[in-house]
Amino acid sequence: MAAAGSAVGLGNIWKFPYIAGENGGGAFLIVYLLCVLLFGMPLVMTEFLIGKRSGKSAYGAFQELSGNNRWQWLSWLCMLTSFCIMGFYFVVTGWCFNYLMEAFVHVPSGLNMSDLSSHFAEVSADIPRMITFSLIPIFLTAAVLWFDVNKGIERMSKTLMPLLLVLMVLMAGRVLMLDGSNIGMRFFFQTDFSKITPTVIMEAMGQCFFSLSIGMGALITYGAYMPKGQNVTRTSIEVIVLDTMVALLAGLIIFPAVFAFGMDPAEGPQLVFVVLPAIFEQMSFSWFFSVLFFSLLCIAAITSTISLMEVAVAFVCEASHGKLNRKKSVLIVAALVVVLAVFNVLSITMFNISDEVTACIMMPVGALGMAVFVGWFLPRNGEKGVLDADKGIKRWAQKTYIAALRWLVPAAILLIFLNRLGVFR
Ligand code: TRP
């Protein structure tokens, strides 16, 4: 459930609709679903298995399992990626907190899309305000790690995540009754194969890594905390199914509304923040639903930032060989993240680059490293074998998993990279 909390976040509700909207809707959706099967399943399992077998976080796990230092670059990459993601993720979480506050005091938004759009532009350009709102989630996340209340958070997200799902189903129901919503449904579900370009494939791969929290060691930590008897295969499937369901629901809410309100689906990162307030205006009890929704969205974001920050905190803590205890590490990481978030508020270029480079380059490289590491360099069974960390796994599933890890995943990532580099068309 904690891993599902890490996976379900702004990636599903904010990023998925805007990336899908920019990349052709239905064409993107089909490639995305393929990526989830091809990369998601083997890589979620891999991170869990690395963590479960080694009992360590991303910092110590590679060394523990390989018995040498040659794979240490992977843990550095994980740490760097976590900082780069946090830099922009906290800014977007800040937007969510801003909209939560506005929902509370009910700033009437009306239905005029250009007003809503310029309202977002005003809000996101208000630098003192954006810095303040980004500090709130940084502070909350650091507090959770400082007091070590992960357990409490897990219990909380166990009840709140299903509530978020129910609310989203309700919203989708309302949106589908709007005039013109069928155009959005067609946009989201109808595949125009001619729209599947190399860019679409790259973006879909990046979105898949980002949404499932793979490629930077976040799930390694969760694997390390898994009870001995836990079935890794089943847990992976549950995380993936839940994450994908939330993303699909977000698409089902956003796209019909986008077309019903006469907007452009390729609006960019502000897309959902412009569309959502207009949807709430259409619902009865709009105050109640908008406050509830944005509260849940903020909580979903925080359960994700916890896993992001944990990677960096564990790294600092363990890399200092105990010279810095956990609390000091939390302080150092949080201070660095504040600086990064401020830069991301100040520079939209930095924001866009961090968003793009982490998903489309850093996480795929991390995932490639982990796949090669486990697929080619670790023993499969026996005392040190990764697969023995999952007692429940069947023989045919083991074979499929290893084949995917050795051949399919590395080949697919490399091909996508080479193609983007222009080595072949
Ligand atoms: N998956 C989260 C989301 O969809 C974001 C996230 C949390 C993440 N932890 C991560 C992404 C670790 C990559 C790696 O919002």
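State, to one decimal in nm, how far the label point of Lys195 lies from the label point of Asn325, with both points 7 Å from Cα in the Cβ direction.
5.6
Would you list, by chain and number, the aspartates and glutamates whose Cα falls below 15 Å from the Cα of Lys158, excluding same-chain residues fewer than 8 positions away?
Counting by Cα, and skipping residues close in sequence, Lys158 has these aspartates and glutamates nearby: Glu238, Asp243.
For Cα pairs less than 8 Å apart in space and 6+ apart in sequence, what is the mean separation divided by the residue count of the range 1-135, i.e. the relative contact order in percent?
In percent, rounded to a whole number, it is 17.
Using a 1.4 angstrom probe and counting only protein chains, how large is the accessible area of Val144 in Å², to 10?
20
Given a 1.4 angstrom probe, what's the average accessible area per residue across the range 2-420, in square angstrom?
Numbers: 16560 Å² over 419 residues.
Per residue, the range 2-420 has an accessible area of 40 Å².
Could you give the length gained on full extension between His106 and Asn68, defined as 0.36 nm per residue of separation minus the Cα-Cα distance, in nm?
7.9 nm
Can you list, bin by bin at 10 Å, the percent of alpha carbon pairs in the chain, starting at 0?
5, 23, 33, 26, 11, 3, 0
Expressed as a rounded percentage, what relative contact order does the range 2-420 have, with Cα pairs under 8 Å and six or more residues apart?
Numbers: 623 pairs, mean separation 157.0, N = 419.
Taking the mean separation of contacting Cα pairs over the length of the range 2-420, I get 37 percent.
Just want the answer: with Cβ charges of +1 for Lys and Arg and -1 for Asp and Glu, which residue in Ala61, Leu368, Phe188 is farthest toward the dipole's positive end in the chain?
Of Ala61, Leu368, Phe188, it is Ala61.
Keeping the other protein chains in place, figure out the carbon and sulfur percent of the accessible area of the chain, with a 1.4 Å probe.
Numbers: 11710 of 17220 Å².
Carbon and sulfur: 68 percent of the exposed surface of the chain.
At a Cα cut-off below 28 Å, give the lysines reachable from Lys195, other chains included and same-chain residues fewer than 8 away excluded.
Candidates past the 8-residue exclusion: Lys15.
Can you tell which of Ser157, Leu248, Met226 lies farthest toward the positive end of the dipole of the chain, using +1 and -1 charges on the Cβ of basic and acidic side chains (Lys, Arg; Asp, Glu)?
Result: Met226.
No other cysteine beta carbon under 4.7 Å away is the test; run it over the chain and list who passes.
Isolated Cys, the chain: Cys78, Cys84, Cys96, Cys298, Cys317, Cys360.
Using only the heavy atoms of the protein chains and a 1.4 Å probe, how would Thr233, Thr46, Thr132 rank by accessible area, largest first?
So, going from the largest accessible area down, we get Thr132, Thr233, Thr46.
Any idea which of Ala404, Gly24, Ile306 is furthest toward the positive side of the dipole for the chain, if Lys and Arg beta-carbons carry +1 and Asp and Glu beta-carbons -1?
About the Cα centre, the residue reaching furthest to the positive side is Ala404.
Taking a ≥ b ≥ c as the square roots of the eigenvalues of the Cα gyration tensor of the range 262-304, is the shape rounded (a/c under 1.5), prolate (a/b larger than b/c) or oblate? Write down the numbers at each step before the final one.
Numbers: a/c = 4.28, a/b = 1.13, b/c = 3.79.
Oblate is the answer for the range 262-304, as a/c is 1.5 or above yet b/c matches or exceeds a/b.
Note down the magnitude of the dipole of the chain about its Cα centre, charges +1 on Lys and Arg C-beta and -1 on Asp and Glu C-beta and zero elsewhere, to the nearest 20 debye.
1740
What figure, in Å² to the nearest 10, do you get for the accessible area of Phe343 with a 1.4 Å probe and non-protein molecules left out?
For Phe343, the solvent-accessible surface is approximately 110 Å².
What lysines could a cross-link reach from Lys327, if we take a straight Cα to Cα line under 22 Å and drop same-chain neighbours fewer than 8 places away?
Lys56, Lys151
The values are calculated or read from the model by the stated rules, or taken from the named source; none is laboratory data. These numbers were taken from a predicted model, which means no experiment stands behind them. Counting neighbours? That spans all protein chains shown, and the Cβs are built from the backbone with ideal geometry, glycine included. Please note that ligands, DNA and RNA were not included when accessible areas were found on the heavy atoms of the full protein model with its side chains. Shrake-Rupley method; radii C 1.70, N 1.55, O 1.52, S 1.80 Å.
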